Each structure stands twice: as structure tokens, then as C-alpha cells.
Amino acid sequence: MGTRQPASWRQEHYLRPGLHQADLDRFWLLRHQTATTLLDYLEGVETALAQATRSAAPPR
């Protein structure tokens with residue numbers, strides 16, 4: 001269950017979202033950097049995810 005934000009936060013969010021170009025640019029640059037890192041280490045990432053999935057699976 002999520003936590004509720006104060007009403008003032010909701011009003012500010014919907015009335016003035018505040019998305020600025022610099023924020024969007026930073027988001028896309030970080031997304032690109034993350035995707036590049038994942039691709040550079042793809043074999044290790046896939047192995048780690050497979051191991052995590054096996055260890056998280058419920059017993060049969």
C-alpha cells in the first residue's frame with residue numbers, strides 16, 4: 001500500500017507539474033547510460049537474473 005502525499009503536494013503536482021527540459025534531458029541521459037551498462041554486461045546480468053529467479057521461485 002502506497003503512502004499518501006499531502007494535499008498541497010497533489011495540488012502543486014497537477015497545477016504546476018514542473019517538468020523542465022533539463023530534468024527530461026537528465027532522465028534520458030541516465031536511461032541511456034543504464035541501458036549501455038546493461039548491454040555491456042548482458043551475459044552477467046542475464047546470469048544474475050536467472051539465479052535470482054530460481055532462488056525466488058516457490059518450492060514445488
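Among the residues of region 41-57, write down those that are surrounded by fewer than 10 Cβ atoms within 10 Å (Cβ to Cβ) and modelled with pLDDT of 85 or more.
Hits for region 41-57 are 43, 53, 54, 55.
Only one residue in 10, 60, 4 is surrounded by 10 or more Cβ atoms within 10 Å (Cβ to Cβ), modelled with pLDDT under 90 and either outside any helix (DSSP H, G or I) or of a type outside the set (S, T, N, Q) (or both). Which one?
Answer to the check: 10.
The values are calculated or read from the model by the stated rules, or taken from the named source; none is laboratory data. Note that the coordinates shown come from a computational prediction; the quantities given were computed from them, not determined experimentally. Cβ atoms come from the backbone with ideal geometry, glycine included; neighbour counts cover every protein chain shown.
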